[in-house]
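Shown next, in structure tokens, is the structure this report addresses.
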Amino acid sequence: MTTAPATFLADLLPEDQYSTAASDRADHARDWGTRPEEAVDPDVVVWPESTADVSAVLAAATDHRVPVTPFAAATGIEGNAVPAHGGISLDLTRMDSVLEVRPDDLQIDVQPGVLGSAVNEALERYGLFFPPLPTSGDIATIGGMIATNASGKQTVKYGKVGDWVLELEAVLADGTVIEPGTRAAKTSSGYNLRDLLVGSEGTLAVVTRATLALAGRPQQQRAGRVVFDSFADAAAAASDLVRSGVDVAALELIDSLSATMANAYVGGDLPEKPMAFLEFHADHGIDEEIDFCRTVLSAYDPLDVEFGDESTQADLWAARRELADATRAYYPDLESVAAGDVAVPVSRYPEMIERIHALSDARDLPIPCFGHAGDGNVHFDVFADPDDDAEWARAIETYETIVREALAKDGTATGEHGIGRGKRKFMIDEHGEGGVRAMRAIKDALDPHGILNPGKVLPDPEPGPTATDDSG
């Protein structure tokens, strides 16, 4: 039998570090991608202010069999930080400090609640930056990025967030504090627990500190936009740029529907054609690299090629940056059944996009496509009328078809959003029953009572303890 969490939290924390108020609980029941009917209120919200707080709360939660769901900026897409079984919402936003910068080692130590933008602000005086920040880096926390192994438009050059994590401090379900990883440049010591925790969405441990690797800010930056007559040409050109070794720091595509949506949202005047957005970073020789890029692009008959200096980068990228909100705002009577983020090998990116567009036409459903073409990551939304049961069911089936076709093309169900609640149904398709069984064994070993973010990542519904609301 579980215990109402507020009854034991009073012995662990000051009153201003936990709340059973209805408004606080409602604020922690949703993230960016959660539909209203999917929201689940926690029984209590806890704001730890130290690793010791996290350790004490998790140890007590394990003792009382109360589920704990880590929470921060609520920018997730898949309900990663939304409770599935009530319990404790562990809000880490008060643990938001930059602890130390070591410029000589190209390293920074941060707490999990620090925003990506704050990291780069702290590094500016040293001429350094944290390269793999996602597009939402200004509003997302480092802890959330580590939880989903997030990435962004510069992944094609710099990799994912997890590639830049050197060492973690994390708390296991029983309150034990561990420090997987190392600040050394390399190690051959033991199991790689650091990489096991990266991308685990708070189901194995709660991260309380991260040591991140850094890079020097490039002396030269240029941005470009290329307009094509067809998306097939745009996708083929993007794939060719990567295969040819053009040193792009970012390579994004949007289709004509996405361009129309962006114009409507920001009042822009983009050509409503498929477009590629590019960015180059270098310390020298950037013009030569852009000339190489132009040569590769010329084989695909672009309608327009425009490159700007650093001062015009923001204008060139404005449309792509606003697309996540623009797509949701475009159809007032339609909703997206899910925000997809499949990824495939870059050589198969053109056929993946072609298949999505074919499904859109065949099933009479708008499906705008955009995303990180440089690493084969497609973002898409399947829009339908939520009041039309048949259309909504057709949209859900179409979304699932797209994901499974990405898997059939040697891809993944999620390039960066994570599994959360929404993609658990694809885990066996992607990893096989044996792979999922191995993941379950790891979960059971580190969290034997299933209190850490139950109902996420693994496909079978977990028994998941439930807590009794004592808020009256």
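Here are some notes:
- Listed by first and then second residue, the pairs linking a residue in the stretch 377-392 that is within 20 Å of Leu251 (Cα to Cα) and without any contact (Cβ under 8 Å) to a residue 24 or more places away in the chain to a residue that is surrounded by 14 or more Cβ atoms within 10 Å (Cβ to Cβ) and of a type in the set (Val, Ile, Thr), with Cβ atoms under 7 Å apart and 6 or more places separating them unless they lie on different chains, form an empty list.
- Every residue from the stretch 448-470 that is more than 22 Å from Gly422 (Cα to Cα) and either at pLDDT 95 or above or not polar (S, T, N, Q) (or both): Pro448, His449, Ala467, Asp469, Asp470
- Condition met for Ala10 (aliphatic (A, V, I, L, M) and free of Cβ contacts under 8 Å to residues at least 24 places away in the same chain): yes
- In the stretch 178-201, residue nearest to Asn453 (Cα to Cα) [restricted to those that are of a type in the set (Gly, Ala, Ser) and surrounded by 12 or more Cβ atoms within 10 Å (Cβ to Cβ)]: Ser200
- Count of the stretch 403-441 residues which are assigned to a helix (DSSP H, G or I), among the β-branched types (Val, Ile, Thr) and either under 16 Å from Ser200 (Cβ atoms) or in contact (Cβ under 8 Å) with a residue 40 or more places away in the chain (or both): 2
- Residue selection: Glu405 satisfies the criterion of being under 30 Å from Asp247 (Cα atoms) and modelled with pLDDT of 95 or more.
- Qualifying positions in the stretch 106-149 - in contact with an Asp or Glu (Cβ under 8 Å, 6 or more places away or on another chain) and among the small types (Gly, Ala, Ser): Gly113, Gly116, Ser117, Ala118, Ala147
- The lone exception for Asp53 - which of (1) at pLDDT below 95; (2) in a helix (DSSP H, G or I); (3) charged (D, E, K, R) it fails: (1)
- Of all residues in the stretch 120-166, those that are in contact with a helix residue (DSSP H, G or I) (Cβ under 7 Å, 6 or more places away or on another chain) and under 24 Å from Asn192 (Cβ atoms) total 15.
- Residues in the stretch 57-90 that are over 15 Å from the mean Cα position of the chain (by Cα) and either charged (D, E, K, R) or assigned to a helix (DSSP H, G or I) (or both): Val57, Leu58, Ala59, Ala60, Ala61, Thr62, Asp63, His64, Arg65.
- A search for C-beta distances below 8 Å between a residue of the stretch 362-374 that is farther than 30 Å from Gly159 by Cβ and any residue that is part of a strand (DSSP E or B) and of a type in the set (Phe, Trp, Tyr), counting only pairs 6+ apart in sequence or on different chains, returns Leu365/Phe383; Pro366/Phe383.
- Of the helices (runs of 4 or more DSSP H) lying entirely inside the stretch 292-394, those containing at least 2 residues that are at pLDDT 95 or above, within 19 Å of Pro274 (Cβ to Cβ) and outside the structural domain of Asp229 (by TED's automatic domain parsing) are 349-362.
- Count of residues meeting criterion [in contact with a strand residue (DSSP E or B) (Cβ under 6 Å, 6 or more places away or on another chain) and more than 17 Å from His379 (Cα to Cα)] in the stretch 227-272: 4
- Residues satisfying the stated conditions in the stretch 13-34, i.e. touching a residue at least 40 places away in the same chain (Cβ under 8 Å), out of contact with any His (no Cβ under 9 Å at 6 or more places or on another chain) and either in a loop (DSSP other than H, G, I, E, B) or in the same structural domain as Pro386 (by TED's automatic domain parsing) (or both): Leu13, Thr20, Ala21, His28, Ala29, Arg30, Asp31, Trp32, Thr34
The values are calculated or read from the model by the stated rules, or taken from the named source; none is laboratory data. Quick caveat: nothing in here was measured; it's all calculated off a predicted structure. Glycine also receives a Cβ, built like all others from the backbone with ideal geometry; neighbour counts cover every protein chain displayed.
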